[in-house]
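Quick notes on the structure that follows.
The values are calculated or read from the model by the stated rules, or taken from the named source; none is laboratory data. All values derive from a computational prediction rather than experimental measurement. Positions of Cβ are generated from backbone atoms using ideal geometry, with glycine treated the same way; all protein chains shown enter the neighbour counts. Please note that ligands, DNA and RNA were not included when accessible areas were found on the heavy atoms of the full protein model with its side chains. Shrake-Rupley method; radii C 1.70, N 1.55, O 1.52, S 1.80 Å.
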Amino acid sequence: REEFIRNIADNLTSGMIYQLVRGSDGTRRFTYLSGAVERFYGISPEQGMADSGKIYARIHPDDRERVAREEEEALSKMSVFRSNVRMLNPDGSVRFSCFVSNPHSLPDGSTCWDGIEFDVTEQVRMQERILHSEKMEAVGQLAGGIAHDFNNQLVGIMGCAEMLLDRLDDENLRKDTESILRSAKRASDLTRNLLAFSRKGNFLTVPVNVHKAVE
């Protein structure tokens, strides 16, 4: 039965089972590490149990203070420790891990934590992509609304400029009016690009045979 359980623990595709004893003086030592520690940390279970620092040193520097605080809080309440942590891989890259462990007191006053570490890198990255997509959708809607309102104003400007141009005989005034019209048309082109962005697509202005399009 022990071999059966060990085989399950060692072959978890995205998880590592561990048992950690924390002494009353704050020292930590692993009393069990499943074989997945080699995949997670590049060390053998024996190495991890001989020196817990080989694992704790892999916590991202920016997360260490928070993790220590969460551990102390769980210890004070003897509640489940649950934390999402950035960990450093042997090659220096970053992965995201979720730690879940349950504490119980030992007769000598130390605390034993039975836990599991899950690699949740793909889930975190997927969530980041979803959040980015939602942000881009919101930006697109905002850009579309602004472009639509701005384009309505430009239509009025261009219409007035065209009518004014037809009534002017003074060459200098005609040039000024043409300059206004050109600037308004360029701005109108910009609003079309913003509207295309808001609709999540690009468009190309080309001559179209309406008859063939209808067919």
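Helix-only estimate, please: 222 nm mean residue ellipticity of the chain, summing -39500 (n - 2.57) across DSSP H runs of length 4 or more and dividing by its residues, to the nearest 500. Don't skip to the end; give the middle numbers.
On the way: 8 runs with 118 residues, N = 215.
Helices in the chain give a 222 nm mean residue ellipticity of -18000 deg cm²/dmol.
Which order, highest average first, do 53-61, 148-156 follow once you tally other Cβ atoms within 10 Å for each residue and take the mean per peptide?
Numbers: 53-61: 15.4, 148-156: 13.4.
By packing density, highest mean first, the sequence is 53-61, 148-156.
Just to be sure I follow: if Rg is taken over the C-alpha atoms of the chain and Rh is the Kirkwood radius over the same atoms, what is Rg/Rh?
Values: Rg = 32.2 Å, Rh = 23.3 Å.
Expressed as Rg/Rh, it is 1.39.
Tell me which residues come under 5 Å, amide H to amide H, from residue 14 once H is placed; ignore anything under 5 positions away on its chain.
So residue 14 has HN proximity to no qualifying residue.
Can you give the Kirkwood hydrodynamic radius for the range 99-170, in Å, rounded to one decimal and based on Cα pairs? Numbers along the way, then the final one.
Values: mean 1/r = 0.0535 Å⁻¹.
Roughly 18.7 Å, rounded to one decimal.
For the chain, what is the accessible area per residue in Å², given a 1.4 Å probe and the full set of protein chains?
Working: 14450 Å² over 215 residues.
With the other protein chains kept in place, the chain gives 67 Å² per residue.
Where the centroid of each part is defined by its Cα atoms, how far is the range 135-201 from the range 29-108 in Å?
59 Å
Carbon and sulfur together cover what percent of the accessible area of the chain at a 1.4 Å probe radius?
Working: 7820 of 14450 Å².
In the chain, the share of accessible area belonging to carbon and sulfur is 54 percent.
Quote the convex hull volume per residue of the range 121-215, based on C-alpha atoms, as a whole number of Å³.
Numbers: hull volume 14.6 nm³, N = 95.
Given the Cα convex hull of the range 121-215, per-residue volume reads 154 Å³.
For helix 64-77, what angle does its Cα long axis make with the longest principal axis of the chain, in degrees from 0 to 90 and rounded to 10?
The angle comes out at about 60 degrees.
Run the numbers for residue 75 and residue 130: contour at 0.36 nm per residue of separation, minus the present Cα-Cα distance, in nm. Before the final figure, lay out each step's value.
On the way: separation 55, 0.36 × 55 = 19.80 nm, distance 3.47 nm.
Difference between extended and current length: 16.3 nm.
Give me the three principal axis extents of the range 1-115 from the C-alpha atoms, as integers in angstrom, largest value leading.
On the principal axes, the range 1-115 reaches 40, 33, 22 Å in Cα extent.
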